[in-house]
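Notes for the one structure printed next.
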Amino acid sequence: MSELLRLITLQDPNTRVVLLGTAALGVAAGLVGSFAVLRRRALIGDAVAHAALPGLCVAYFVVGDRSFPAFLAGALAAGVLAAAFVAVVKARTRIKEDAAIAIAIGGFFGLGIVLSRIIQNQPTGNRAGLDSFIFGKAASMVGSDATFIFAVALTITLVVALLYKELKLTVFDRDFAVAQGWPALAIDLALMTLICVCTVAGLPAVGVVLVVALLVIPAVAARFWTNRLPTMLLLAALFGGASGLLGTVLSATLPAPAGVLSRGWPTGPLVVLCASALFLVSLLAAPKRGLLADLVRRVRLRRRIAIQNLLRDAYEHLEPRGDFGAAFRAADLGAGPAHHDEPRRPFERAEALGLIQSAAGEYRLTGQGQAAAARTVRAHRLWELYLIHHADIAPDHVDRDADRLEHVLPPEVLAELEARLEGQVPPGVPASPHALRGSALS
């Protein structure tokens, strides 16, 4: 507990360095990753990250010693080269972008492995510390490393703020940007540069293998919660920063199993795992796009469709009598005792909603139920008439199509249908354009 308190209060200088670096990296990755995901450039970060390894090796050959600025410069140059390779292959050949990215990842990373083995076989090869860039080693960051990452994150944030309008237009409608005379290619290159810079800056913290996860996961998690770009950018930055903070805290406080992790829990993988946990929470619990919300919507829609089908069946059964308050039985609507129990559930739900009343095995539409049934039948027949008169579909073929759409027609679409059919249908519920169908509840 004392160690956790010491960590939260930032009393440990090394902890302050790591927290600053990982949190700043997470914020920057969230911002850039949002545009990369929306522009479908997420895997470019993976190609850049894997291409960074040969750049690190070449920088070591040039400098002859471990130099953090030189390593990052080499990694950035190799990353830009990989991104340019993907762009040229996609533009000049018939190879698709995903295949070009795969070629870049395999080719550059393979070259990097060969060069790193050459360095490790040298007498001074261990001084290069290439393993910390491959797998990440945030705990070994020093003040200058964290300061550099923070400066990169601040620069990325400022660039995103300055180019927000341009990036937004290019991401969502590049063709319109070109038609309006905007330098769409230059804006695309600026986004690619931001991806490269953010990817390279993340190498010391999470490494070549995992840096693309930090670039993509917070942005995808944020996308579940909103349809607005400013909100998505804010959430992605918060998710990325929170992942960096939580991963660092867990790495510093979790006790390592004896004999399993002699050096404690690695910070980089824990940062990515925290981001993955936020993604899973978003995937499940987001109010509009989450799986649970989608399941609830599907169940509600299925129940609403069943009730509306019941009301429509009852209306069409009673329509020849002209008395919509008359009694009817479930068997009259195809839901008798011989059927499965499931078709009877709409009767129970409709009664609970006050749409029908039951007595002695018979049912009656309430006033509210008659109004709801009339609205449902009207929507169904308006759509049938539209398909017949404006889509030239035979009257005996429109019932199924109308049955699929009547449950989801918004009021404005119904108003449009009425405008299109003005003068062709009387007020109220129009007559059926074909023989009344045999009803069946779903």
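The values are calculated or read from the model by the stated rules, or taken from the named source; none is laboratory data. Remember, it's a predicted structure, so these values are computed and weren't measured experimentally. Heads up, the Cβs are rebuilt from the backbone with ideal geometry, glycines too, and the neighbour counts pull from every protein chain shown. All accessible areas refer to the heavy atoms of the entire protein, side chains included, with ligands and DNA or RNA removed. Shrake-Rupley method; radii C 1.70, N 1.55, O 1.52, S 1.80 Å.
Remarks
- Residue within the range 172-193 that is modelled with pLDDT under 85 and touching a Pro at 6+ places or on another chain (Cβ under 6 Å) present: no
- Of all residues making up the range 25-52, the number that are open to solvent by 10 Å² or more (accessible area, probe 1.4 Å) and of a type outside the set (Asp, Glu): 10
- Total residues in the range 53-80, condition more than 21 Å from Val216 (Cα to Cα) and surrounded by fewer than 22 Cβ atoms within 10 Å (Cβ to Cβ): 13
- Search result, residues across the range 268-290 that are farther than 30 Å from Ala373 by Cα and open to solvent by 90 Å² or more (accessible area, probe 1.4 Å): Leu273, Leu280, Arg289
- Residue under evaluation Phe239, criteria (1) more than 21 Å from Val86 (Cα to Cα); (2) free of Cβ contacts under 8 Å to residues at least 60 places away in the same chain, criterion not met: (2)
- Just one of the listed residues (Phe133, Phe108) is at pLDDT 80 or above, under 26 Å from Ser67 (Cβ atoms), open to solvent by less than 70 Å² (accessible area, probe 1.4 Å) and not acidic (Asp, Glu), namely Phe108.
- Top-ranked residue of the range 167-179 - restricted to ones that are in a helix (DSSP H, G or I) and without any contact (Cβ under 8 Å) to a residue 24 or more places away in the chain, ranked as surrounded by the fewest Cβ atoms within 10 Å (Cβ to Cβ): Asp175
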